[in-house]
Amino acid sequence: MDVNTDPKARVTDGMPKRPGLPPLDGIDPSITLGPIRLESPILTASGCFGSGKEMHRFVDLAALGAIVCKTVTIAPRIGIAPRRGAETPSGMLNAIGLQNPGVHAFRANDLAWLAERGYPAIASVGGHSLDDYEACVAALVDAPIEAIELNLSCPNLEERGFMFALDADRCREVVRRCVEVAHVPVFAKLSPDVTDLASIAGAALEGGATGLSLINTTLGMAIDVERRRPILSTGTGGLSGPAIRPIAVRAVHQVAQAHPGVPIIGMGGIASGRDAAEFLLAGASAVAIGTTNFVDPQATARIYAELVDLCRRMDITRIADLTGGLQA
C-alpha cells in the first residue's frame with residue numbers, strides 16, 4: 001500500500017506520515033543565492049513555518065534548501081493583542097506584532113536544533129530602530145546560519161513609525177549598518193506598498209545587500225459588518241496567500257529587469273510547483289513558501305516534488321536554468 005496516495009495509510013499513532021521525496025532521475029535541484037549554494041530552491045517564508053521544530057513531524061525538511069526562521073528581535077516580544085488573524089478570499093490577514101523569544105533564546109534553542117540536524121537556516125531579523133537591527137545582527141555573529149534576511153517592514157519608531165522598506169534612504173542605511181556587522185550574506189525583504197519598488201531595491205543593494213526577498217505582505221483590512229468594527233485588533237494587517245501572487249510575480253520581474261543578476265528569493269501566494277516556476281521564470285533564484293503551510297503542513301515537500309516533475313516534463317535538467325527564463 002502506498003502511503004503517499006492512500007489516506008488511510010497516512011496516519012500512525014495519530015500523526016500523518018511524511019510523504020517521500022521524489023526521485024530526481026537526472027534533475028539537479030541545487031541553486032545559488034550569490035555566494036550561497038543550496039540543495040533545493042524551496043525555502044520557507046519567515047513566520048509561516050516556525051523554525052522547523054513543529055513542522056518536521058509532518059514534512060521532510062530535506063526538501064528545503066533552507067529554513068527562513070520567524071523574525072527575531074534583540075529583546076523578546078509578546079506581540080499584539082488578539083485578534084491577530086483573519087481568513088480572506090484566497091488569502092489571510094495577519095498582525096502578529098513580531099512575537100518572538102528574542103535573538104539570544106532563538107540562537108540557543110531554534111538554531112541549535114537546526115544545526116544539530118544539519119538543516120541550513122536563514123535568520124530573519126527585525127527591529128524598531130537602526131540600533132535594534134544592528135544589535136540583533138551582531139548577536140548572530142558566528143551563529144550557524146547561511147544568511148540573514150532583514151524584515152524591513154517593521155515600523156521605525158525613531159521616524160514616526162515609518163517603515164524602513166518604504167523609503168530609499170532609510171532602507172539603504174539600515175542595510176548598510178547590518179552588513180557592516182554581519183558575518184554572512186544579507187538579504188533585504190521589501191514591501192510591495194511603494195510606488196517605485198525598483199528604486200527601493202536599488203537602495204538596499206547600494207547599502208551592501210547580497211540579494212532581495214520579494215515580497216512581504218501587502219497592507220489590507222477586513223471589517224466585521226455586524227459589529228461595525230475591524231476584524232483585526234490593529235485595524236489593518238498584512239495580506240498574504242494566492243490573492244497577492246500576481247503582484248509578487250510582477251514585483252520579482254520588475255526588480256530583476258531593473259537589477260540584472262541580483263539574487264532574489266521570490267514569495268507571495270505560492271501553492272504549487274507551477275506557481276514556484278512562475279517566480280523562477282520571472283527572475284527569482286529561489287522561492288519561499290508561506291501561507292499555504294497553514295492549509296497543508298506538507299506543502300513544501302509537495303511543491304518541491306511538483307517542481308521536479310514539471311522540469312522533467314519540460315526536459316529541464318537543472319532547476320536553476322528556469323531563473324530569468326521568461327520569453328518576450
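Of S46, S51, which residue is among the polar types (S, T, N, Q) and more than 23 Å from S233 (Cα to Cα)?
S51
Name the pairs: first residue in the stretch 260-272 and within 16 Å of A147 (Cα to Cα), second residue among the hydroxyl-bearing types (S, T, Y) and buried (at least 23 other Cβ atoms within 10 Å of the Cβ), Cβ to Cβ under 8 Å, at least 6 apart or on different chains?
Filtered contacts from the stretch 260-272: P263/S285; I264/S213; I264/S285; I265/S213; I265/S285.
Out of all the residues in the stretch 148-157, is one or more assigned to a strand (DSSP E or B), modelled with pLDDT of 95 or more and touching a Leu at 6+ places or on another chain (Cβ under 7 Å)?
The answer is yes; a qualifying residue exists.
The conditions are (1) surrounded by fewer than 21 Cβ atoms within 10 Å (Cβ to Cβ); (2) modelled with pLDDT of 95 or more; (3) outside any loop (DSSP other than H, G, I, E, B); (4) not small (G, A, S), and L219 fails exactly one of them. Which is it?
Going through (1) surrounded by fewer than 21 Cβ atoms within 10 Å (Cβ to Cβ); (2) modelled with pLDDT of 95 or more; (3) outside any loop (DSSP other than H, G, I, E, B); (4) not small (G, A, S) one by one, L219 breaks only (2).
Inside the stretch 222-248, can you point out the residues that are under 16 Å from S90 (Cβ atoms) and not in a helix (DSSP H, G or I)?
Answer for the stretch 222-248, where residues must be under 16 Å from S90 (Cβ atoms) and not in a helix (DSSP H, G or I): A222, G237, G238, L239, S240, G241.
Could you check, for the stretch 166-181, whether at least one of its residues is at pLDDT 95 or above, surrounded by fewer than 17 Cβ atoms within 10 Å (Cβ to Cβ) and either among the hydroxyl-bearing types (S, T, Y) or within 16 Å of the chain's Cα centre (by Cα) (or both)?
Checked against the condition, which is being at pLDDT 95 or above, surrounded by fewer than 17 Cβ atoms within 10 Å (Cβ to Cβ) and either among the hydroxyl-bearing types (S, T, Y) or within 16 Å of the chain's Cα centre (by Cα) (or both), the stretch 166-181 yields no hits at all.
For every residue, the table says whether it meets (1) free of Cβ contacts under 8 Å to residues at least 40 places away in the same chain; (2) in contact with a Leu (Cβ under 6 Å, 6 or more places away or on another chain).
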position: G238; (1), (2): no, no
position: A248; (1), (2): no, no
position: S285; (1), (2): no, yes
position: N293; (1), (2): no, no
position: D296; (1), (2): yes, no
position: E306; (1), (2): yes, no
position: C311; (1), (2): no, no
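The values are calculated or read from the model by the stated rules, or taken from the named source; none is laboratory data. Quick caveat: nothing in here was measured; it's all calculated off a predicted structure. Because the Cβ atoms are built from the backbone with ideal geometry, glycine has one as well, and the counts that use them run over all protein chains shown.
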